[in-house]
Each structure stands twice: as C-alpha cells, then as structure tokens.
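Read-outs: derived from the displayed coordinates by stated rules, not from any lab. A quick note: this is a predicted structure, and the numbers were derived from the prediction, not measured. Here the Cβ is made from the backbone with ideal geometry for all residues, glycine too, and neighbour counts use every protein chain on show.
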C-alpha cells in the first residue's frame with residue numbers, strides 16, 4: 001500500500017481492498033507536479049498566447065501539446081467545487097486523429113496554489129497508461145489542488161471503471177490535507193466496489209465473497225479508509241478502514257461482521273507493522289488515533305459523508321453514486 005509520502009506494503013491482505021485508491025493519490029500528485037514543472041522549465045510562463053508542438057509519447061504515440069498562457073479559460077465546472085472558475089492557463093495533450101484531449105490541465109500559477117483558483121486536471125486513464133489501464137477505456141480522473149486557510153488540499157475523483165475480471169471498482173474519491181503545523185498528511189478515501197466483479201477476478205474465493213454479499217446485503221459495497229501519516233521518516237502512519245453497503249461513516253467493520261474490525265492499522269517506512277491495535281497500544285510518535293483537532297477517528301468519521309457544504313469533501317455513498325449520473329457531466333473534458 002502506498003500511503004502518503006512513502007510506499008507501505010501491508011502484510012495483511014485485508015488492507016489490500018484500498019491499495020488502488022492510495023496508489024492513485026500519489027500517482028495523481030506526481031503527474032500534476034511533473035506537468036506543471038515541465039511547463040515551467042520551458043521558460044514560457046512570462047509569455048502570452050497559444051503554443052502547440054507535435055510530440056511522440058511512449059504508450060500513446062503521436063500527439064499534440066497545446067499550451068494557452070494568460071488566455072482565460074471558459075467558466076469551468078468541477079465535482080470538487082460549486083459554481084465555476086476561470087483559470088489563466090491551460091495545457092492539453094491531444095492524440096493524433098482526435099479532437100478530444102487525453103489530458104487537460106487548468107491552472108493560475110506554476111509557482112503557488114495560494115491566493116488563486118488552484119489547479120484542475122482531467123485525464124483518461126486508458127490513454128495515459130494503456131498498458132496498465134487498457135481494460136478501463138471509460139475511466140476518467142479529475143484532480144483538484146488548492147490551498148485554504150494555509151492547508152494544501154487535494155481531491156482526486158474518478159468514475160467509469162469497468163467492474164470486470166480485472167477491475168472491480170468503478171467510482172471513488174480520495175481527499176488529502178497537508179497539515180504543516182503537525183507535519184502530517186490526512187488521507188481519506190471511499191471506493192465503490194462490485195463483489196461480483198471480485199469473484200470474476202478471484203473465482204477460488206467465490207464462497208467467501210458470496211458470504212460477504214449476504215452479510216452486506218448487496219453486491220455493491222464501499223471501502224472507506226482514513227489515515228494520518230507523519231511527513232518525516234520513518235513515516236509513522238495510523239490507519240482505520242471499513243466496508244459497508246452505504247459508505248456508512250465511522251463503521252470500521254466489514255458490514256458489521258463480528259470480529260472484522262482491524263482498528264487500528266500501523267505502518268512505518270518498512271511497511272505494515274500491525275493491526276487490531278487498541279487505542280492505548282498505539283506507540284508514541286504515531287499520529288494520534290483520537291486526540292487533537294486532526295486525528296484518525298475524526299478523519300474516519302468524515303469519510304463516507306457529506307459532512308460539510310464543501311464539495312471537495314463529499315465522500316457519501318450517494319455522492320459516489322452520482323458520479324455516474326447527475327455529476328457525470330462535470331467529470332469530463334472541458
């Protein structure tokens with residue numbers, strides 16, 4: 001499992017339910033940083049206008065890069081904020097023969113996210129990495145990064161996963177808060193999964209998975225994860241997770257199955273340390289399970305809910321479902 005700033009490989013497969021969402025978070029962040037750094041390194045940021053360049057991209061083939069600098073975008077909608085925003089700069093990758101981008105980035109500044117509208121990025125997974133995500137031709141990812149009250153926030157939202165014998169999920173969201181005053185990262189995610197697709201991936205576990213379907217009352221379930229991680233080595237991490245049929249906030253069991261809670265999971269730079277760790281057994285130096293404004297329990301209680309009016313923080317099951325319906329138009333290229 002890749003948690004926050006360092007890869008953490010859990011010894012228990014029970015934590016593997018949410019490995020995909022944790023890995024995506026780092027991949028999204030790195031991709032955004034690389035794109036913005038590449039634009040900055042070209043020395044074009046002090047110019048105005050539209051620039052295009054033909055390129056060949058590994059795995060994608062021939063494409064065109066299009067960069068609009070100090071050319072205001074249209075009013076842009078997003079799942080991560082209400083209303084619209086107008087961005088000063090736009091970057092696009094367009095495959096040859098296509099009129100629709102494979103990646104689209106809107107941003108105000110390559111230097112900072114503070115005091116502006118932040119950075120908003122969209123991309124098709126299957127076109128950015130066709131080898132890894134070729135079985136998910138409709139999967140779209142939205143990434144939004146911004147700063148509020150001194151806290152850097154990032155939200156990664158996706159929809160369109162195929163739920164087949166190689167990919168059991170379709171929709172999900174990850175939210176990250178970098179709390180510099182504590183030197184910690186707060187990670188929260190909800191992933192909608194189809195247990196029938198999980199059977200197709202792992203037929204030998206069909207009996208167990210069918211039991212889980214009965215326990216949960218549905219083949220569609222939601223995997224909730226929250227953790228706090230120290231920025232500094234050895235990257236101590238305290239985590240909490242649960243599985244429900246409605247992304248029920250605060251439920252750290254597998255559909256209320258007796259003895260299924262793994263609270264708390266502990267990780268460090270070497271990977272999985274332990275789980276089923278009681279609050280009094282969490283060692284000193286690890287992020288607090290339950291003390292302070294930012295802690296694992298409070299983060300987990302905010303996971304699976306629309307606990308504020310802030311659009312980027314909504315991880316309720318109804319919202320995750322809406323990414324395929326009423327919110328689908330926002331989760332698209334502009």
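Sorting 301, 105, 291 on the 10 Å Cβ count, fewest up front, what's the list? Please report the intermediate quantities before stating the final value.
Numbers: 301 15, 105 23, 291 12.
Lowest to highest Cβ neighbour count: 291, 301, 105.
Between the helical axis of 206-216 and the longest alpha-carbon principal axis of the chain there is an angle of about 90 degrees.
By how many degrees, 0 to 90 and rounded to 10, does the Cα axis of helix 19-41 deviate from the longest principal axis of the chain? Its long axis makes an angle of about 20 degrees. Peptide packing for 231-242, 316-327 was compared via the average number of neighbouring C-beta atoms within 10 Å per residue; ordered from the highest value, the list is 231-242, 316-327. Between residue 41 and residue 56, full extension at 0.36 nm per residue minus the direct alpha carbon distance yields a gain of 3.5 nm. Could you estimate the translational diffusion coefficient of the chain from the Stokes-Einstein equation, with Rh from the Kirkwood formula over C-alpha pairs, at 25 °C and 0.890 mPa s, in whole µm²/s? After rounding, the answer is 119 µm²/s.
Is region 71-185 rounded, prolate or oblate when judged by the Cα gyration tensor, a ≥ b ≥ c being the square roots of its eigenvalues, rounded requiring a/c under 1.5 and prolate requiring a/b larger than b/c? Oblate, since a/c reaches 1.5 and b/c is not below a/b.
Rounded to two decimals, the Cα-based Rg/Rh of region 65-111, with Kirkwood Rh, is 1.00.
Here the contact order of the chain, divided by its residue count and restricted to Cα pairs under 8 Å and six or more residues apart, works out to 14 percent.
Could you order peptides 132-139, 170-177 by the average number of other Cβ atoms within 10 Å of their residues, highest first? Display every interim value, and only then the final one.
Details: 132-139: 16.0, 170-177: 24.0.
Highest to lowest by the protection proxy: 170-177, 132-139.
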